[in-house]
Amino acid sequence: MKAKKILSLLLALLLVMGSVPFTAPTAHAASGGTGTADDPYQLKTADDVNSIRNDLNAWYILKNDIDMSSYGDWVPIGDAANQFNGRLIGYSHTISGLVVGSAAIPSSAYSHTGLFGYISKYGVVHDLGVKATIYNGGGSDCGVLAGKSDGYIVNCHTAGNVVSTAVDCNTGGIVGENAGNLVNCYNLANVTGGTVGALEYNGIGGIAGINTGENGITNCYSAGDVNGAGASKLGAVVGYNKAGSVINCHWDQSKDIHRVAGYGTEGCLNSADVYGYYTSTLKGEGNSFNAGYVFDTNGRMTVKNGTFADLMNRGRGAIKPEQLPSGIKASAWGADTANVNDGYTCFTTA
């Protein structure tokens, strides 16, 4: 009888448990916050950055610079099926030490490679620096900050090296493919793309491999080397400007790349340069100089005098309201007085 009573109690307990839905707890390693706009997750460690993939819809803020070198071979956050829809605000901090693949064994595991694999049209990355070394051997898009972005990348900067040996892979310093809004950013990373095959959309560029965003790329510059087998679609700013615009964008003439876009210059406006000219130096902030021969789409040339920072600050006026998410403004530019940016113009707190 006693055994029957115990069995009956166990059956009753199982019935009760079966009527209550079971929800697995969401693991999250962030160092504080709840992931809302009013209380974003706080990122202080490499584990915190890795935890972004656990909630792709949340808000995040960096509390300090973060070194990711302990992670070894990085797995990009988000992909085409699970895109980053949240908001990451860097507060001028940098994520460094990010590594994907190696020279001996380039990574071919991801379609979209970078800190983020894929940023959705709702995703925002703001005021963030990323330094990475990426060796890509496959996939369609790779860049330091993201493989592909349909969203908003504003006031960000990248450094390091991006090397792709893949055929027909869009390769860029900041993103492989920009299909959203890339605004007021700069790139110091060196970019080397793979062979261009039969696909029409492949490109290799300092900012983006390919630009398909309606509002596109505005008020950016690149000072990294850009190399690749597909010279016809290799550009200092964008490799292939397929469907978007490139406005007020520039590059370091010492890199010997004399075109803003390798292919598809129709949407390039006031970008040094569509017609074969380019800015003078991006350095020398203490001196007044001609900051580039800038042409509009009708071929009219104007010489903009002053420092390169002056030119970038004037360029903020070309940024459309729809290119900026609510609550975000384009950062001001100034001289690298602390010599932390190899002398290149960078953001100020103004």
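The values are calculated or read from the model by the stated rules, or taken from the named source; none is laboratory data. From a predicted model like this one, the values you see are computed outputs, not experimental measurements. Neighbour counts run over all protein chains shown; Cβ positions are idealised from the backbone, glycine included. Keep in mind that these areas ignore ligands, DNA and RNA; they rest on the heavy atoms of the full protein, side chains included. Shrake-Rupley method; radii C 1.70, N 1.55, O 1.52, S 1.80 Å.
Suppose all protein chains stay in the model; what accessible area per residue would a 1.4 Å probe give for the range 49-182, in Å²?
32 Å²
Express in % the proportion of alpha carbon pairs of the range 73-151 at distances exceeding 17 Å.
Numbers: 1255 of 3081 pairs.
When every Cα pair of the range 73-151 is considered, 41 percent fall beyond 17 Å.
Thinking of the range 309-350 as a set of Cα atoms, what percent of all their pairs are more than 16 Å apart?
Working: 369 of 861 pairs.
For the range 309-350, the share of Cα pairs beyond 16 Å comes to 43 percent.
Percent relative contact order of the range 132-246, based on C-alpha pairs within less than 8 angstrom and at least six residues apart?
Computed over the range 132-246, the figure is 25 percent.
Rank these residues by their accessible area, most exposed first, probe 1.4 Å: LEU128, LEU324.
LEU324, LEU128
Might you work out the accessible area of TYR91 for me, using a 1.4 Å probe with all protein chains in place, and round it to the nearest 10 Å²?
Rounded to the nearest 10, the figure is 130 Å².
Whose amide H sits under 5 Å from the amide H of VAL75, counting only residues 5 or more places off or on another chain, with H placed in the peptide plane?
Result for VAL75 returns nothing.
For the range 44-52, in order, what is each residue's ³J(HN,Hα) by Karplus, 6.51 cos²θ - 1.76 cosθ + 1.60 with θ = phi - 60°, in whole Hz (x at glycine and Pro)?
10, 10, 4, 4, 4, 4, 4, 6, 4
How much accessible surface does TYR122 have with a 1.4 Å probe, in Å² rounded to 10?
150 Å²
Take the cross-link list LYS44/LYS320; LYS63/LYS131; LYS121/LYS148 and give me the ones stretching past 22 Å between alpha-carbons.
Those over the limit are LYS44/LYS320.
Roughly how many Å is it from the Cα centre of the range 148-219 to that of the range 98-144, as a whole number?
11 Å
Taking 7 Å along the Cα-to-C-beta vector as the label spot, tell me the ALA81-THR337 distance in nanometres, rounded to one decimal.
Calculated label separation equals 5.2 nm.
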